């Protein structure tokens, strides 16, 4: 169903990600809007790496609501506004991904929706075609 590859004919990935993901067979897709670093309580820390951690937790919550896990991730897209400590960012992401290597795009942008937002993360996931859990979610 999902095969991740790094073709030898191009340079190896610069970090812990895969260059491509091939999806085959009947699958169910989940497209997750950009998740920001705001906690359910409304707290928005100033530190961009703390915001990253919350945004990743929000991705996890979206996956769980669809009956999926991190293993179903295919693509992550990161938007960072301003400087973010590269080493701390990589460590936080590695802690969250563990051994998974989805495809990934990382962008530094001039700004996000409001000046206090420093991080936004989009996700794309797929799993074998089975019904999503029936839950009462906000519309």
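Distance from a point 7 Å along Cα→Cβ of residue 129 to each backbone N in region 1-38: keep the residues under 20 Å and list them by number. Label zone hits: 1-3, 22-31. Panel order for 85, 99, by other beta carbons found within 10 Å of each beta carbon, from fewest to most: 99, 85. What the Kirkwood sum gives for region 54-132 is a hydrodynamic radius of 13.6 Å, with every pair of different alpha carbons counted.
Can you tell which of 35, 20, 87 shows the greatest fluctuation in a Gaussian network model of the chain with Cα springs below 10 Å? Result for the chain, Cα springs under 10 Å: 87 fluctuates most. Using C-alpha pairs below 8 Å separated by at least 6 residues, the relative contact order for region 27-127 is 46 percent.
Along its principal axes, the chain has C-alpha extents of 47, 43, 24 angstrom, given from the largest down.
What is the order of 105, 60, fewest Cβ neighbours within 10 Å to most?
Starting with the residue having the fewest Cβ neighbours, the order is 105, 60.
The distance separating the Cα centre of region 42-79 from that of region 87-134 comes to 6 Å. Distance between the pseudo-spin-label points of residue 11 and residue 28 (7 Å out from Cα toward the beta carbon): 4.0 nm. Among 29, 96, the ranking by other beta carbons within 10 Å of each residue's beta carbon, starting with the fewest, stands as 29, 96.
None of the figures in this text is laboratory data; all of them are computed from the coordinates on show. Not measured: the values here are computed from a predicted model. Glycine also receives a Cβ, built like all others from the backbone with ideal geometry; neighbour counts cover every protein chain displayed.
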